[in-house]
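Asks: Here's a structure for you.
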Amino acid sequence: MKNLKFVIILLLIVGCSKSSKKELPTNNSHTVEEITTQEDISNKTPEATSETLTTKEVSKKTKVTDAELQNTIDTFINCKANSSSRKECRNAITAFISTTYGLNEFKDKLGNYEIYDSIQPIIKRTKAWKSLGSAINQRHIDKAVSLVQNGGLALVIDTSESYGHVTVIRPSETKKSGSWNLELPKVLSLFNNKPEKSFYNKSLAYAFKKSDALKIFIRE
């Protein structure tokens, strides 16, 4: 008799236990799968924040001071003065662009900066670069200036030659050019043939004569 009572009590305990497990999920509760998903999302949040910070850091890095720009020019002029051939120091502009904007496309396999002759072909095969069109179109100029003002990169290149001159648009107010009859920004211009005429605080009109061959390229 005692054994029978023990068996009945045991069956009642097991039954209650199964009933409790069935009642766990309610309309207001989360399943184990849902909880795991939320934890995964929570764990990914710091990564997203890290990417945002990196973007901000890159934007801050593009704000080059006048002293840094002048140092770039002085270094370039000094390099040309001590070079043994005209071909030397032709990577000064790619070195500036790469270090200032944190880019890698203007480096070769050994990590050396490409010469400026390589800029056009590299830009044309790199999807991150886009052509805005003619640099003698005010709408294109204004769009490039707006991009640069927000930390972006825009170049004006003489496409009449594969080794055409390259300038970097600076974040500056535009001013009316009499020779171009357009509102033009200041640019950084390193002249390979006449390095002493390089500048960073003059307008686009001092770097080029007005021409349909001048194109604006932006880094997206």
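Read-outs: derived from the displayed coordinates by stated rules, not from any lab. Note that the structure is a prediction, hence the values are computed from the model and not measured. Note that each Cβ is placed from the backbone with ideal geometry, even for glycine, and that neighbours are counted across all protein chains shown.
Asks: For the range 136-203, what is the relative contact order in percent, using Cα pairs closer than 8 Å and at least 6 residues apart in sequence? Write out the running numbers ahead of the final one.
Replies: Details: 103 pairs, mean separation 15.9, N = 68.
Relative contact order, the range 136-203: 23 percent.
Asks: What are the residues whose amide H is under 5 Å from the amide H of LEU153, where those residues sit 5 or more places off or on another chain and H is modelled from the backbone?
Replies: ARG219
Asks: Using the basic label-point model (7 angstrom from Cα toward the beta carbon), what is the LYS197 to LYS130 distance in nanometres?
Replies: About 3.4 nm, to one decimal.
Asks: A further question on this structure: Restrict the search to the range 77-157; then list the trypsin sites (Lys or Arg not before Pro) that DSSP places in a loop and that have at most 16 other Cβ atoms within 10 Å of their Cβ. Before the final figure, lay out the partial values.
Replies: Values: sites: LYS80, ARG86, LYS87, ARG90, LYS107, LYS109, LYS124, ARG125, LYS127, LYS130, ARG139, LYS143; in loops: ARG86, LYS87, ARG90, LYS109, LYS127.
Of the trypsin sites (Lys or Arg not before Pro), the ones in loops of the range 77-157 whose Cβ has at most 16 other Cβ atoms within 10 Å are ARG86, LYS87, LYS109, LYS127.
Asks: Would you kindly give the portion of the calculated P(r) for the range 129-199 that falls above 17 Å, as a percent of all Cα pairs? Could you put the intermediate results ahead of the total?
Replies: On the way: 1134 of 2485 pairs.
Value for the range 129-199: 46 percent of Cα pairs lie more than 17 Å apart.
Asks: Let me ask something else. Computed FRET efficiency, Cβ-Cβ of LYS107 and ALA67, R0 22 Å: what is it to the nearest 0.05? Present the calculation step by step, with values, prior to reporting the outcome.
Replies: Working: r = 25 Å, r/R0 = 1.16.
It comes to 0.30.
Asks: Please turn the phi angles of the range 195-200 into ³J(HN,Hα) values with the Karplus equation 6.51 cos²θ - 1.76 cosθ + 1.60 (θ = phi - 60°), one per residue in order, whole Hz, x for glycine and proline.
Replies: Result, rounded to whole Hz: x, 5, 9, 5, 7, 9.
Asks: Output needed for the range 69-218: three equivalent-ellipsoid semi-axes, defined as square roots of 5 times the C-alpha gyration tensor eigenvalues, in descending order, whole Å. Each step should come with its number before you reach the end.
Replies: Numbers: eigenvalues 109, 65, 40 Å².
Working from the Cα gyration tensor, I get semi-axes of 23, 18, 14 Å.
Asks: For the range 179-194, just list the computed ³J(HN,Hα) in residue order, Karplus coefficients 6.51, -1.76 and 1.60, θ = phi - 60°, integers in Hz, with x standing in for Gly and Pro.
Replies: Those phi angles translate into 6, 9, 6, 9, 7, 10, x, 7, 9, 9, 10, 10, 8, 5, 7, 9 Hz.
Asks: 5 Å is the cut-off here: which amide hydrogens, built 1.01 Å from N in the peptide plane, fall below it relative to LEU182, excluding neighbours closer than 5 in sequence?
Replies: Placed amide hydrogens put SER177 under 5 Å from LEU182.
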